[in-house]
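Before any comments, here is the structure.
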Amino acid sequence: MMIIEKTKKMPGPSAPAFFRSPSLITAAAFAALLAPVQASAQVAVPQGVPTVQPPPSIRPTPSQIELSKLIWSTIAAVDHANRSGNYSVLRDISAQGFQIQNNAARLGEIFSGLRKSQIDLSNAFLVPPTYYEAPRMLSENVFQVKGIFQLRPVSVGFEMYFQWEQGMWKLYGIDIQPVEMRSAPVD
């Protein structure tokens with residue numbers, strides 16, 4: 001029987017996955033010798049040339065794939081919240097305005113109808129969203145997207161609002177509704 005001593009140290013040279021190779025040690029020693037030489041070879045910046053790069057676009061418009069990822073990740077967060085009954089993660093990953101308006105208990109009340117309908121929102125990951133209209137900017141930092149995940153027998157309709165905050169688009173508002181698929185009338 002083998003007794004393993006529990007310590008909080010990281011495994012060292014005696015760990016089974018660690019392998020000491022003479023060439024590895026030589027390469028490490030050679031790199032250590034070159035480090036001071038490389039550190040002293042600084043690139044001279046001419047005076048009058050700015051050293052700071054201009055920032056990227058303040059609010060980049062999401063591409064088609066980024067928009068789909070925003071929608072799918074939001075659907076996933078709602079699905080996980082509905083399954084677990086814990087809406088705190090959905091709230092925590094949302095924009096500050098959403099957090100101020102909604103605590104976890106209130107989100108549980110808001111999504112209670114969807115939760116009771118027992119619709120498996122994870123099926124939405126299997127199909128791309130279909131948009132009712134092109135996403136549109138409502139203000140300089142909030143956009144709206146409306147659409148549907150066309151599933152059978154019950155599709156999932158959505159209306160979502162995203163706000164640019166802390167360098168990323170975050171959920172600002174949401175409405176998810178089951179949509180019964182209607183058959184075409186038979187002539």
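The values are calculated or read from the model by the stated rules, or taken from the named source; none is laboratory data. In this text the structure is predicted, and so the values were computed from the model without any measurement. Cβ placement follows ideal geometry from the backbone for every residue including glycine, while neighbour counts extend to all protein chains displayed. We work out accessible area using only protein heavy atoms, side chains counted, and drop any ligands, DNA or RNA first. Shrake-Rupley method; radii C 1.70, N 1.55, O 1.52, S 1.80 Å.
Annotations
- Reported count of residues in the range 144-155, each being without any contact (Cβ under 8 Å) to a residue 60 or more places away in the chain, out of contact with any helix residue (DSSP H, G or I) (no Cβ under 6 Å at 6 or more places or on another chain) and surrounded by 12 or more Cβ atoms within 10 Å (Cβ to Cβ), is 6.
- The set of residues in the range 76-87 that are farther than 12 Å from residue 121 by Cβ and either surrounded by 14 or more Cβ atoms within 10 Å (Cβ to Cβ) or touching a strand residue (DSSP E or B) at 6+ places or on another chain (Cβ under 7 Å) (or both) comprises 86, 87.
- Matching entry among 163, 96 (being surrounded by fewer than 18 Cβ atoms within 10 Å (Cβ to Cβ) and not small (Gly, Ala, Ser)): 96
- Test for residue 61: is it surrounded by 15 or more Cβ atoms within 10 Å (Cβ to Cβ) and either under 23 Å from residue 149 (Cα atoms) or of a type in the set (A, V, I, L, M) (or both): no
- Residues being out of contact with any strand residue (DSSP E or B) (no Cβ under 9 Å at 6 or more places or on another chain), open to solvent by 90 Å² or more (accessible area, probe 1.4 Å) and among the acidic types (Asp, Glu) - total across the range 99-141: 1
A quick yes/no check of all residues on (1) at pLDDT below 95; (2) among the polar types (S, T, N, Q):
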{"position": "87", "(1), (2)": "no, no"}
{"position": "95", "(1), (2)": "no, no"}
{"position": "98", "(1), (2)": "no, no"}
{"position": "113", "(1), (2)": "yes, no"}
{"position": "116", "(1), (2)": "yes, no"}
{"position": "119", "(1), (2)": "yes, no"}
{"position": "123", "(1), (2)": "yes, yes"}
{"position": "129", "(1), (2)": "yes, no"}
{"position": "134", "(1), (2)": "yes, no"}
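- The range 83-100 residues that are without any contact (Cβ under 8 Å) to a residue 12 or more places away in the chain, paired with ones that are acidic (Asp, Glu) and open to solvent by 10 Å² or more (accessible area, probe 1.4 Å) (beta carbon under 8 Å, 6 or more apart): 99/92
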